[in-house]
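The values are calculated or read from the model by the stated rules, or taken from the named source; none is laboratory data. Only a predicted model underlies this, so the values are computations on that prediction, with no experimental measurement involved. Heads up: the accessible areas ignore ligands, DNA and RNA and are worked out on the full protein's heavy atoms, side chains in. Shrake-Rupley method; radii C 1.70, N 1.55, O 1.52, S 1.80 Å.
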Amino acid sequence: MANPTTPGPSPQGPSDGPSEVPPEWRPAIPQPGERPVPREEVWDRPAPSASAGAPAPHRQPSQTLGTLMGDITRTGSWQVAERTTLMMFLGDVKLDLREVLGPGETLDITTYTGMGDVKIVVPAGTRVELQGFTLLGGLRHDVDPAAQGVPETGACVRVNATSLLGDVRVRTMPPDDGSKPPRGWRWTQKR
């Protein structure tokens, strides 16, 4: 005798697998020659925090910055996309995200450099995921002593770096208070 709460066979055929899935949950699989039914895309973006007060800025989905020879430097309040790709042959990349990245946001940064260093500053309380490859150089994440012990804000910066010759360094720093930054990071100081 069949269980009355168990759904019967579906019009698409018997279910394969250990669980019974209601027919309305099953995706419509197009037959050869049919077009697939469009579906709503759901982005994996955290909901804006009600305690933040200001709404999260609207960001472009992606951007590409590049140069053959020279530096790419962005400081202060600048427009950054959710996914940023940086390409350069000879020069340095310097990005200060302290005035750009808000609580609960995630930014993806991908860098391709031939010869030169990549330096990225993130605000205190930001989770950093650093990965990549350098032929002659290193990957490193440092936390400024003044930024240690700051609770996490839910913000995340994912850095995927590829470099032939040069270092990739990410540093967690507090907001610029006019004091002198450490050597190698003086470019972050407001003038």
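Tell me, what is the per residue accessible area of the stretch 124-172 in Å², probe radius 1.4 Å? The partial results should precede the final answer.
Details: 2610 Å² over 49 residues.
On a per-residue basis, the stretch 124-172 sits at 53 Å².
For the stretch 58-101, what class follows from the C-alpha gyration tensor (a ≥ b ≥ c being the square roots of its eigenvalues): rounded when a/c is under 1.5, otherwise prolate if a/b is larger than b/c, else oblate?
Judged from the Cα gyration tensor, the stretch 58-101 comes out oblate (a/c at least 1.5, b/c at or above a/b).
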> For the stretch 63-191, what proportion of DSSP beta bridges, expressed in % and rounded to the nearest 5, is antiparallel?
Replying inline: 0
